[in-house]
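A short write-up of the structure that comes next.
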Amino acid sequence: MLATANATAEEGKKDEAPKKFGEGPAFAKALASAQSWQGKYGSASAIPDAELPEQFDWRDIEGYDFTSKHRDQGACGSCHAVAFTQAAE
């Protein structure tokens with residue numbers, strides 16, 4: 001199912017120019033949509049299963065990508081922090 005959602009999201013992005021994160025009049029609406037669960041529930045476990053969407057993709061919330069690019073931490077030893085951040089995204 002995840003592979004299907006990823007393929008669908010990628011197909012939709014091919015036809016549209018990506019919106020620049022943080023810019024444009026529609027960004028405030030996209031940000032509110034991204035944060036709606038956080039404001040309504042105190043934790044992820046508090047969200048009732050019946051309210052969960054069929055699919056959710058942080059890479060396309062009203063045309064904005066809320067994920068970040070892969071990072072190269074080099075030899076600084078921050079691999080644990082970088083790995084956790086990228087897994088959470």
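Sort out which residues of the range 47-82 are of a type in the set (A, V, I, L, M), part of a loop (DSSP other than H, G, I, E, B) and surrounded by fewer than 10 Cβ atoms within 10 Å (Cβ to Cβ), and write them in order of number.
Of the range 47-82, the ones of a type in the set (A, V, I, L, M) are 47, 50, 52, 61, 75, 81-82.
Restricting the remaining residues to those that are part of a loop (DSSP other than H, G, I, E, B) gives 47, 52, 75.
Within the range 47-82, just A75 meets the criteria.
Can you name every residue in the range 27-46 that is assigned to a loop (DSSP other than H, G, I, E, B) and surrounded by 13 or more Cβ atoms within 10 Å (Cβ to Cβ)?
Taking the range 27-46 as the starting set, the residues that turn out to be assigned to a loop (DSSP other than H, G, I, E, B) are 41-43.
Scanning the range 27-46 gives a single hit, Y41.
Is it fair to say K19 is farther than 22 Å from A87 by Cα, modelled with pLDDT under 85 and assigned to a loop (DSSP other than H, G, I, E, B)?
Numbers: farther than 22 Å from A87 by Cα: yes; modelled with pLDDT under 85: yes; assigned to a loop (DSSP other than H, G, I, E, B): yes.
The answer is yes for K19.
The values are calculated or read from the model by the stated rules, or taken from the named source; none is laboratory data. Here the structure is a predicted model, which is why all the values come from computation and not from measurement. Neighbour counts run over all protein chains shown; Cβ positions are idealised from the backbone, glycine included.
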